[in-house]
Structures are given as C-alpha cells and as structure tokens.
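Read through the structure below, which is laid out as structure tokens, and then see the notes.
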Amino acid sequence: MVKIEHWYEKYPDLLKRERELLSNYGFTFKINNNVVEFIGNSRIMKDYPIRLIYPNGYPSFPPTVKCDVGDDLILVRHHNKITKSLCLFGFSSERWKANLSALDILNEIEELIYRFSPLNYNAEQNKDDIVPEPLVNQFDYKLGGILIPPPFGNWALDEFKDVSNCEILYDPKTRRGIISKLKLTSDITKLDDSYKNFFDGYPIMKSTVIKLKKAPPLINENIIQWLKEENISIKESKNQILFFIFEDEWGKKGNKRIGWVALKILDGRATWIKCYSINLDDINVRNPFGQQLNKKVVTLIGCGSLGSIVATTLAQEGITTLNLIDYDILEPANSIRHQVGQGWFGFSKVVALKHRILNLIPMAKVNDYGFSVGAGTSEENVRKLLQLIGDSDLIIDTSASHKVTHYINRLCVEEKKPLIIGSVTNGAWSCEVVRVIPMLSGCWGCWNKTYGGKMPPSAPPSEFQFAPGCDQPTFVGGISSINIAGGLVAKASIDTLLNINSSEDHYIEWSERDKIGNREYKIKYLPNPLLKDCEVCNGNY
C-alpha cells in the first residue's frame, strides 16, 4: 500500500513558517483528519471570522478561505453564499504563486472584506470590478440537469407571463430532461426540430415556469416554506418539477439576462436542479467569428480522416450549412483517425459524419451526398455538384485525389468560387494547404507548376505507405498530426470566408520532420502566383 505523505510532513519548514506568521495575527492552529486549519478574525472588521483550510496540494494550491457570516454580512462580491468561501487571487486563483505565504493571503482577505463588506461598500470606488457573478452558478444543485433548448433559451424575461405551462421529457434514471413544449399565450411553442430526438420516448411531465422578481433561495433547506410564503401552490405528495426564471448577471457586472433553475419535489422534499440554456449569448462568446460565419455555405469533398476533422471543426466554429460529398463507406479501422466512431461501420461516410456533426451542433444544417466526383459520375450528380458549387461560399477539397482536385479546381475557376485544397504527405510528416481565390491567387494548376517539383518531408516508400492492395490505407500517419493539418485547413477556410489575408499566404506548408525523418517543426506561408500561361486561369479571370 502506497503511503501518503501530507504536505506538512513533506515540508515541515513551510508549516512552521505559516504557524509563526498566523499566530502573530491571533490565529489558532489545528490539524483535523490530516487537514491543516487556522482560525481567526479579520483585523479591520472583527465581525468577520476567517478560517484558512490548507489543501494537501499546498503550496501549489492556495488554502480555501471561509468567512462564515450571516446573510446581513455576506460580502457584496466574491463571497459564496452557500459555502461561505471567499474568491481570492482572481478567477481560478490565477494570481496565486507557490512562493506566496500566509501574509499574502491575509492581505488579500482584508482587502476583499474592506472593499466589499455591505457595512461600507462603495459602488463607485469598485467600478473597476467588472467580473460577473451569475446567481445560477451559486445554487445548491443536486445530480442531474434539464436542457432549455432553442427557441426557449433565447427568449427574454419580459416575453414570459408570470406563470406559463410547459412540458418536459424526463429520464428519472439519469435525472436529466429537456423542455419540449412551452405555452406563453394561446399558442404552444415546441422545441427546435434539431433537438426533437433528445430524450425521445421518455415520459412526459407537465410543468410550470414561474417568473420571479428576484432569485429564489440558493439552498435546499426550507424551500417548501418559501414556496408557501410566495403563494406558489404544490402538492407535496406528488412528484413534480417547477421552473423559476429571474433576472441574472452575465458577461460582465451589470449585464442582465434571464436565469433558469428547476426545482424537483419528490416525496415532500425539494432540491434544486441545474438548467442548461442553449442560447446565442453562450455560443457567440465562444466563437469569435460565429456570427459572421453562420450564414456561410461550405461544400466539402472527401470525408475521410482529414475531411472529417475539417467538417466538425467548421461546424463548431459557427458554419451552420455544410454539404458533404463522398462515395466511400466507413470501415471500423477508419475510426483510428476518423471523427466518427466504430459503431457507424458499413454506413456511408457522409451519413455517419452528418450524424457526428449534428451530435456536436444540433442546429447545423448538414446535407449528405454519397456520390463520387469526376469519372463515372452520373449526369444527375454532375448537375447536383455544379449546383452545390454555385450555391456555396467556399469549396474544400480533402479528397487526397489529384484527379478530383484538378476537376474541382477547373469548376471553381470557371464559377469564380474560392477553393481550399488540403492534404497530408505519406506518414503525415507534412501537410499542405492551398488557397485558390478568384482574381487574387493562382489556381491548382498554377500551384503545380510553381511547387510541383518541391516535395515537402514525407515518409520513405514502404509496403505500409503505398498500399499493396485495394483494402489497405493509402498512407500511415497518426491522428495527432492529422489534427494539426485539419486545424490549418479549417483556419485557411475561415480566413478565406472572412477575407482575411486573401491577397497573400495562399500556400501553407507545415511539417513535423525534416527530409530524413528527424523531429523538426516548421511552417511556411508562401504565395501561389497566377501564371500567365495557365490554361485553366487564362480566359476565366
């Protein structure tokens, strides 16, 4: 059995230092169940008791500091109303350093109490403190959660009546559910079609959404009594879920939006359940270009390992309309590098990838086309391809087929549509990304004439890199390398759609090895000049 050595045993001098420093300020010391604690009071405001609890990860992790006071003395900011913990050293203790001591902790505590005690709080003097403190993050939640899907998650507080009826689909085993219907007026609004399969087949529960002027109590104790005081009628013997909405803080201090919490009443006991709202606020803050990309249409040809990474990445970046083209079937071994799991073996790659994207981004619009491009393509599929190119803002080729690339290149030049070509070399030692932008760069043919004789680092030929039969992968290379390639293709696609550096950087070459295979990371940004003797570009620009 491995013996655990606690921090105060491993670093006795640290414990001695902390004891001496804190004893000078009247703190008492104890070890309880191998946890070191110091107990005292604020020097500047004696009404505030202070308890420092040192974790076993000290000094890498700072002590937890608790200030257990009544509601009338809870700090206006940075004081958890349930745990009574103080938020010190910034978000996630980002300003904490392992060389800091108890003296630094005390100074931080005293400043917090002085600035934010309700006994002397001055909003004007603390206007620089803009960190939001949403109340929905402070409730005493139990296990489980309920999803507030579109369109409900985007509704504002003033759109709701004081009491609105709703229905939820709820799984009692996992204690999770989703609001499926909500009635504001005489009309019933259903959840967005993208979410209709969530919890499909689970029991339907009737529920109520109650609008409050202020947030309900954060803890679970005495909730039944609070409901009675608020004249909110319930049947204590009946299992039910109620929703409460109220004005909450988000983004930065002073910004307001709707807050959602759910209350589960089971056998006369009430417990808070966390609500997860799907809304544009949370989506846009994570996607800096999401609002600019959500109206763009992208067609991707080639849904193998590289293409699947590019497609899922672009969907997560905010592109909501994707056309996927590939004739191939997913094999179990593909999942080593593919974004779709083994359970989709035997399905078309485009169908499997579509479901993967919708699992990540339910509101995305993904169209799947299971046909080949070029030779053997029916007239109907050729017409469909031309239509897709014409309707798209960008075409991406990750087919790893020069025949396909030449064919798509010619069509894109003729239609004056931007094209991104992404590929990896044998062994995934390198990747190449070529941007073909009408009037601003050369085409794929120009690139071939300029760079075709300059091969980036590539694994030497072997029976593994060059398939001996029809049932072998065309190259060997790990997913970590292909992930980098996929990220570069996605970034080049976004830059092109947003017209970022469109007049330059048309060819990106990234490599992780040198010519003989030694580890060496390099990235080059090169031009792809339009050549006057290019038969594809000539007459089209």
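Filter region 100-133 down to residues that are in contact (Cβ under 8 Å) with a residue 12 or more places away in the chain and among the small types (Gly, Ala, Ser) and give me whichever is nearest to Asp68 (Cα to Cα).
Ser117
Counting only residues that are in contact with a Lys or Arg (Cβ under 9 Å, 6 or more places away or on another chain) and modelled with pLDDT under 95, how many does region 405-427 have?
So the answer is 1.
Is there a residue in region 246-258 that is crowded, with 20+ Cβ neighbours inside 10 Å, touching a residue at least 40 places away in the same chain (Cβ under 8 Å) and touching a Leu at 6+ places or on another chain (Cβ under 8 Å)?
Residues of region 246-258 that are crowded, with 20+ Cβ neighbours inside 10 Å, as a first pass: 248, 258.
When the remaining residues are screened for being touching a residue at least 40 places away in the same chain (Cβ under 8 Å), the result is 248, 258.
Then drop every residue that is not touching a Leu at 6+ places or on another chain (Cβ under 8 Å), which leaves 248, 258.
Checked region 246-258: at least one residue is crowded, with 20+ Cβ neighbours inside 10 Å, touching a residue at least 40 places away in the same chain (Cβ under 8 Å) and touching a Leu at 6+ places or on another chain (Cβ under 8 Å).
Restricting the search to region 272-299, which residues are surrounded by fewer than 18 Cβ atoms within 10 Å (Cβ to Cβ) and within 28 Å of Ile224 (Cα to Cα)?
Selection gives Lys274, Tyr276.
Taking strands (runs of 3 or more DSSP E) that fall entirely within region 186-302, which contain at least 1 residues that are more than 30 Å from Leu388 (Cα to Cα) and in contact with an Asp or Glu (Cβ under 7 Å, 6 or more places away or on another chain)?
Here the list reads 204-211, 240-250, 252-266, 269-277.
Just a yes or no: is a residue in region 434-456 closer than 26 Å to Lys532 by Cα, within 29 Å of the chain's Cα centre (by Cα) and either at pLDDT 90 or above or β-branched (Val, Ile, Thr) (or both)?
Checked against the condition, which is being closer than 26 Å to Lys532 by Cα, within 29 Å of the chain's Cα centre (by Cα) and either at pLDDT 90 or above or β-branched (Val, Ile, Thr) (or both), region 434-456 yields at least one hit.
Quick one: how many residues across region 252-279 are in contact with a Pro (Cβ under 9 Å, 6 or more places away or on another chain) and of a type in the set (A, V, I, L, M)?
Count: 3.
Quick check on Asn122: is it at pLDDT 95 or above and surrounded by fewer than 12 Cβ atoms within 10 Å (Cβ to Cβ)? It would help to see each step written out before you state the result.
On the way: at pLDDT 95 or above: no; surrounded by fewer than 12 Cβ atoms within 10 Å (Cβ to Cβ): yes.
Answer is no for this residue.
Starting from residues that are surrounded by fewer than 18 Cβ atoms within 10 Å (Cβ to Cβ) and assigned to a loop (DSSP other than H, G, I, E, B), keep the ones in region 328-349 and report whichever is nearest to the chain's Cα centre (by Cα).
Gly341
Out of everything in region 134-175 that is in contact (Cβ under 8 Å) with a residue 60 or more places away in the chain and of a type in the set (Lys, Arg), what residue ends up being surrounded by the fewest Cβ atoms within 10 Å (Cβ to Cβ)?
Applying the filter and picking the extreme gives Lys142.
Taking the conditions exactly as written (in the same structural domain as Ile437 (by the TED database) and touching a Phe, Trp or Tyr at 6+ places or on another chain (Cβ under 7 Å)), does Gly304 satisfy them or not?
Taking the combined requirement at face value, the residue does not satisfy it.
Conditions: (1) under 30 Å from Lys46 (Cβ atoms); (2) touching a Cys at 6+ places or on another chain (Cβ under 9 Å); (3) of a type in the set (A, V, I, L, M). Ala123 meets all but one. Number of the miss?
Unmet for Ala123, out of (1) under 30 Å from Lys46 (Cβ atoms); (2) touching a Cys at 6+ places or on another chain (Cβ under 9 Å); (3) of a type in the set (A, V, I, L, M): (2).
Of the residues that sit in region 57-91 and are within 24 Å of Ala123 (Cα to Cα) and small (Gly, Ala, Ser), which one is farthest from the chain's Cα centre (by Cα)?
Gly70
Within region 143-183, can you find the residues that are assigned to a helix (DSSP H, G or I) and among the polar types (S, T, N, Q)?
Correct list: Asn154 only.
The values are calculated or read from the model by the stated rules, or taken from the named source; none is laboratory data. Quick caveat, the model's predicted, so the values are computed rather than measured. Ideal geometry is used to build each Cβ from the backbone, glycine not excepted, and the neighbour counts take in all protein chains shown.
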